[in-house]
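**Student:** This is the structure I have questions about; it appears just below.
The values are calculated or read from the model by the stated rules, or taken from the named source; none is laboratory data. Computed from a predicted structure; not experimentally measured. Reconstructed Cβ throughout: ideal geometry from the backbone, glycine too, with neighbour counts over all protein chains shown. Heads up: the accessible areas ignore ligands, DNA and RNA and are worked out on the full protein's heavy atoms, side chains in. Shrake-Rupley method; radii C 1.70, N 1.55, O 1.52, S 1.80 Å.
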Amino acid sequence: MAEPMLETRALTRRFGGLRAVNNVSLTFEVGVVHAILGPNGAGKTTVINLLSGDLPPTSGTIRFRGRDITARPVQRRVRMGIGRSYQKTNILPELTCLDNCRLGALSRLPGGLARIRPSRAARRQVQARAEHALALCGLEARADTIAATLSHGEKRQLEIGMMMATEPTLLLLDEPLAGMGQEESRRVTELLRRLAADHTMILIEHDMDAVFAIAERITVMVNGAVLETGSVEQIRASATVREAYLGEEAEP
Amino acid sequence: MMSRALSPTVVLPLLFVVVAVGLALYPLVGETFYVRLMAKIIVLGILAMSLDLLVGYTGLVSLGHAAFSGAAGYITATLILKAGVTDMALLLPASLAVSALLALVIGWISVRTSGIYFIMITLALGQMTYLFFHDVSYWGGTDGISVWDKPVLAVGGWTLLELSDRMVFYYTAWACLVAVYVGLWLLMRAPFGQIVRGVRINPGRTQALGHDVHRHQLAVFVIAGTIAGLAGFLEVARSGFMSPAHLGWHESAMVLIIVILGGMGTLVGPVIGALTLVLLEDWVADLTSHWKLIIGLFVIAVVLFLPNGLVSLLTRGAGPSWLRGRRATPAEAQAEGGDDG
Ligand SMILES: Nc1ncnc2c1ncn2[C@@H]1O[C@H](COP(=O)(O)OP(=O)(O)OP(=O)(O)O)[C@@H](O)[C@H]1O
Ligand SMILES: [Mg+2]
């Protein structure tokens, strides 16, 4: 069997007495869109924070393409190809959209002198990456707009563009559609579907239409623990899941 | 919207050109006393620009910056006095190396903290440096060190620069001021500077875009400390004197006030701040014995009515808006859970 993209073993994170993530062992296969569902406070964002390195786990291990990355800092994971977007918009508001993306593109520049006197080719490459990421998230017309002045939906798009500028192979998406209007939602879902073609994704999303449209596997979490993992059909059919979480939401 | 001509990216470098040309021409017309004052302003301006790199560009408020200029100044003065070294080709690298090394140590400890803790730890480590030079009798105690010989730059029997000559010193310091400005301006436009800007605005997100925040902060800290070392070397070459007071927290706070007074994150602002404060001090001290009070009131007035510093008189409305805003702390950047689920 092919080596998985990402694998967690008995991953646990405590906040004081609360086990926000409790003994989670999951496998994320290459090229698959794997959604994580669960009610508010289930620990979904905390899982993403552990995978991205924003938070250290209390115990357990994380392997990325076979390598143990549990102790690696955020920036090293990004350069290995793990990109993330945030549930609560996390951009650089006083910069233009292009500069926001450029910051991500710069992470692909080698260290040292290249960061002080980059070659013309390197500068072109950074510029091209930033522009490509901006076009990808649908904001090319907003290149010179200060990010703070964007609409909420556009900020959410920029969030994805910034992540894409780092050229990740694994995307950690924490509620990319949060707070979006219907039209924006539809557009970004379409974008995610396109990205899914050549990226591995871990997707947290409350919008069931979007999840069922692009996810191939689904994990349901409740109270920090994994309730069930399976294909979309399995999860839709699961009585346990229906009872614990999906309820009427899952009915069309 | 602001007019394009008023964009700070155009106005600020232009302003520096005006200031630099003014400083270059001043000795041709000014009285000796004021030329000396201008030399003092140039050295202070270099020190303040180096602190601006930390405070204005990286968002690291240091209250121990005089430790680096002071340590470099002590090395220069001691090498001249005790070892009889006046060769600038030796004195300058030695003092820069000492300030860079000290900045590496203090920076390595300090960048692990942020906000008020960063201020406290740079203050504490700066005071430790102060006490080291104050208490170890080798360095001359409270009286400090006075030297009569000044650095000389000679290549193969040709004397290029004799800093004991006031005019030679003046234009050497002036050239350093211009070189530091141009160097830092270029550095901040380079990818390195763009990443540092990200670190200032949103360190958490900048890290999540693949950048080592601490390493960039440390690099800036060492660059700023080394340039402060240059100012310390020039100070000894200018005044022939170095004492513990040069590196105490009073001095650090004064430089910080100069940066804020002139305008953080502008490079030229700190030079204007140094110019304003030194000239004001000279003028007010002649008028009244309560001059410190008057200066204090002036600083407060500027901070209240021109929060972006004196340079914002020229770039008003076009000034970097972030100067008024508050940076998101890493804690805020991380606490993304739960409020729009
Ligand atoms: N930094 C933190 N400190 C303390 N408790 C935290 C922290 N982050 C999350 N928690 C707690 O951990 C639990 C899981 O939170 P998490 O944000 O992972 O949930 P979630 O599944 O993403 O919820 P939502 O759907 O609302 O985004 C919650 O009870 C939350 O209050
Ligand atoms: Mg969440």
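**Student:** What is the Cα convex hull volume of the range B:1-105 when expressed per residue in Å³?
**Tutor:** Values: hull volume 17.2 nm³, N = 105.
In the range B:1-105, the Cα hull volume divided by residue count equals 164 Å³.
**Student:** When Cβ neighbours within 10 Å are restricted to other protein chains, what is their mean count per residue of peptide B:193-203?
**Tutor:** Working: counts 2, 7, 6, 1, 5, 8, 1, 2, 7, 8, 0.
Mean partner-chain Cβ count within 10 Å for B:193-203: 4.
**Student:** For the residue pair A:THR240 and B:TRP291, what label-to-label distance in nm results when each label sits 7 Å from Cα along the Cα-to-beta-carbon direction?
**Tutor:** In this crude label model, A:THR240 to B:TRP291 measures out at 8.1 nm.
**Student:** Follow-up. Mind checking the log10 I(q)/I(0) for the protein assembly as shown at q = 0.06, 0.12, 0.13 Å⁻¹? Debye, one equal scatterer per Cα, no solvent, two decimals.
**Tutor:** Relative scattering, expressed as log10 I(q)/I(0), comes to -0.39, -1.13, -1.25.
**Student:** Further question: For B:TYR34 and B:THR113 in one chain, what is 0.36 nm times their gap in residues minus the Cα-Cα distance, to one decimal in nm?
**Tutor:** On the way: separation 79, 0.36 × 79 = 28.44 nm, distance 4.22 nm.
Here the segment from B:TYR34 to B:THR113 would lengthen by 24.2 nm.
**Student:** For chain A, modelled as a Gaussian network with Cα springs under 10 Å, which listed residue fluctuates most, A:ILE36, A:ILE62, A:ILE235?
**Tutor:** Of A:ILE36, A:ILE62, A:ILE235, the Gaussian network model singles out A:ILE235 as fluctuating most.
**Student:** Would you mind checking the range B:223-252 for residues with the amide N under 17 Å from a putative spin-label position 7 Å along Cα→C-beta of B:VAL136?
**Tutor:** In the range B:223-252, the label zone of B:VAL136 (backbone N under 17 Å from the point 7 Å along Cα→Cβ) covers B:242-248.
**Student:** Quick one: Karplus J couplings for the range B:143-154, per residue in order, coefficients 6.51, -1.76, 1.60, θ = phi - 60°, nearest Hz, x for Gly and Pro?
**Tutor:** The phi angles translate into 5, x, 10, 10, 10, 9, 7, 10, x, 10, 10, 10 Hz.
**Student:** A further question follows. Ignoring the sites themselves, what is the longest stretch of chain B with no trypsin sites (Lys or Arg not before Pro) in a DSSP loop and at most 11 other beta-carbon atoms within 10 Å?
**Tutor:** On the way: sites that count: B:ARG324, B:ARG326.
Between exposed loop sites, the widest span is B:1-323.
**Student:** Using only the Cα atoms of chain A, construct the convex hull and provide its projected area averaged over every direction, in square nanometres to one decimal. Spell out each step's value before the answer.
**Tutor:** Numbers: hull surface 58.4 nm².
The Cα convex hull of chain A, projected and averaged over all directions, gives 14.6 nm².
**Student:** Can you list the residues of the range A:146-175 with backbone N under 16 Å from a point 7 Å past the Cα of B:THR9, pointing along Cα to Cβ?
**Tutor:** Only A:146-147 fall inside the zone, counting backbone N under 16 Å.
**Student:** In whole Hz and in residue order, list the ³J(HN,Hα) couplings for the range A:5-22 that follow from phi through the Karplus curve 6.51 cos²θ - 1.76 cosθ + 1.60, θ = phi - 60°; x for Gly and Pro.
**Tutor:** 5, 8, 9, 10, 10, 6, 6, 9, 9, 10, 10, x, x, 7, 8, 5, 10, 10
**Student:** Further, regarding this structure: Could you calculate the contour length gain from A:ALA71 to A:ALA197, that is, 0.36 nm times the residue separation minus the distance between their Cα atoms, to one decimal place in nm?
**Tutor:** Values: separation 126, 0.36 × 126 = 45.36 nm, distance 3.01 nm.
In short, 42.3 nm is gained.
**Student:** Please report the relative contact order for the range B:8-338, taking Cα pairs under 8 Å with a sequence separation of at least 6, and give it as a percent rounded to a whole number. Please report the intermediate quantities before stating the final value.
**Tutor:** Working: 501 pairs, mean separation 102.6, N = 331.
Dividing the mean separation by the residue count of the range B:8-338 yields 31 percent.
**Student:** Computed over the Cα atoms of the range B:8-338, what is the convex hull's projected area averaged over all directions, in nm²? Show your work: numbers first, answer last.
**Tutor:** Details: hull surface 74.0 nm².
For the range B:8-338, the mean projected area of the Cα convex hull comes to 18.5 nm².
**Student:** Same structure again: In debye, nearest 20: dipole of chain A around its Cα centre with unit charges on the Cβ of K, R (+) and D, E (-)? Before the final figure, lay out each step's value.
**Tutor:** Working: 32 positive and 29 negative charges, 309 e Å.
Around 1480 debye, computed over chain A.
**Student:** So how strong a dipole does the range A:58-178 carry about its Cα centre when Lys and Arg Cβ are +1 and Asp and Glu Cβ are -1, to the nearest 20 debye?
**Tutor:** Working: 20 positive and 11 negative charges, 154 e Å.
Result for the range A:58-178 is approximately 740 debye, rounded to the nearest 20.
**Student:** Among A:ALA215, B:GLN127, B:LEU92, whose Cα lies farthest out toward the positive end of the dipole of the protein assembly as shown, if unit charges sit on the beta carbon of Lys, Arg (+1) and Asp, Glu (-1)?
**Tutor:** Comparing the listed Cα positions along the dipole, B:LEU92 ranks first.
**Student:** Given B:GLY56, B:ALA83, A:ALA237, which one lies farthest toward the positive end of the charge dipole of the protein assembly as shown, if we put +1 on the Cβ of every Lys and Arg and -1 on the Cβ of every Asp and Glu?
**Tutor:** Final value for the positive-end residue is B:ALA83.
**Student:** Can you list which of the chymotrypsin sites (Phe, Trp or Tyr not before Pro) found in the range B:84-186 are DSSP loop residues with at most 15 other C-beta atoms within 10 Å? Don't skip to the answer; put the middle values down first.
**Tutor:** Details: sites: B:TRP108, B:TYR117, B:PHE118, B:TYR130, B:PHE132, B:PHE133, B:TYR138, B:TRP139, B:TRP148, B:TRP158, B:PHE169, B:TYR170, B:TYR171, B:TRP174, B:TYR181, B:TRP185; in loops: B:TRP148.
Filter output for the range B:84-186: B:TRP148.
**Student:** Find how many whole Å separate the alpha carbon centroid of the range A:185-209 from the alpha carbon centroid of the range A:25-48.
**Tutor:** Result: 14 Å between the Cα centres.
**Student:** Something else about it: Using +1 at the Cβ of each Lys and Arg and -1 at the Cβ of each Asp and Glu in the protein assembly as shown, identify which of B:MET242, B:VAL152, B:GLY204 lies farthest towards the dipole's positive end.
**Tutor:** Comparing the listed Cα positions along the dipole, B:VAL152 ranks first.
**Student:** Taking all protein chains together and a probe of 1.4 Å, list A:LYS88, A:LYS44, A:LYS155 from the most accessible to the least accessible.
**Tutor:** Working: A:LYS88 80, A:LYS44 15, A:LYS155 55 Å².
In descending accessible area the options line up as A:LYS88, A:LYS155, A:LYS44.
**Student:** Given a 10 angstrom Cα cut-off, can you work out which residue in A:GLN234, A:GLN182, A:GLN157 is the most mobile in a GNM of chain A?
**Tutor:** Answer for the Gaussian network model of chain A: A:GLN182.
**Student:** Relative to the Cα centre, what is the charge dipole magnitude of the protein assembly as shown, using +1 at the beta carbon of each Lys and Arg, -1 at the beta carbon of each Asp and Glu, and rounding to the nearest 20 debye?
**Tutor:** 920
**Student:** Quick one: length gained pulling A:LEU113 to A:ALA141 fully straight, 0.36 nm per residue minus the C-alpha distance? All intermediate terms of the calculation are to be shown ahead of the outcome.
**Tutor:** Working: separation 28, 0.36 × 28 = 10.08 nm, distance 3.28 nm.
The A:LEU113-A:ALA141 span can extend by a further 6.8 nm.
**Student:** Please pull out the direction-averaged projected area of the range A:91-167, using the convex hull of its alpha-carbon atoms, in nm² to one decimal place.
**Tutor:** Details: hull surface 18.8 nm².
Averaged projected hull area, Cα only: 4.7 nm².
**Student:** With both partners inside the protein assembly as shown, how many of the DSSP beta bridges are antiparallel, as a percent to the nearest 5?
**Tutor:** On the way: 26 of 44 bridges.
Just about 60 percent of them are antiparallel.
**Student:** Measure nothing but the geometry: give the 0 to 90° angle between the long axis through the Cα atoms of A:152-165 and the longest principal axis through the Cα atoms of chain A, rounded to 10°.
**Tutor:** Helix A:152-165 sits roughly 80 degrees off the main axis of chain A.
**Student:** Hey, another quick one. Against the longest principal axis of chain B, how steep is helix B:66-83, in degrees 0 to 90 to the nearest 10, with axes from Cα atoms?
**Tutor:** Tilt of helix B:66-83: around 20 degrees.
**Student:** To the nearest 10 degrees, how steeply does helix B:291-305 sit against the main Cα axis of chain B, on a 0 to 90 scale?
**Tutor:** Approximately 30 degrees, to the nearest 10.
**Student:** Tell me, what is the per residue accessible area of the range B:1-107 in Å², probe radius 1.4 Å?
**Tutor:** So the range B:1-107 comes to 40 Å² accessible per residue, rounded to a whole number.
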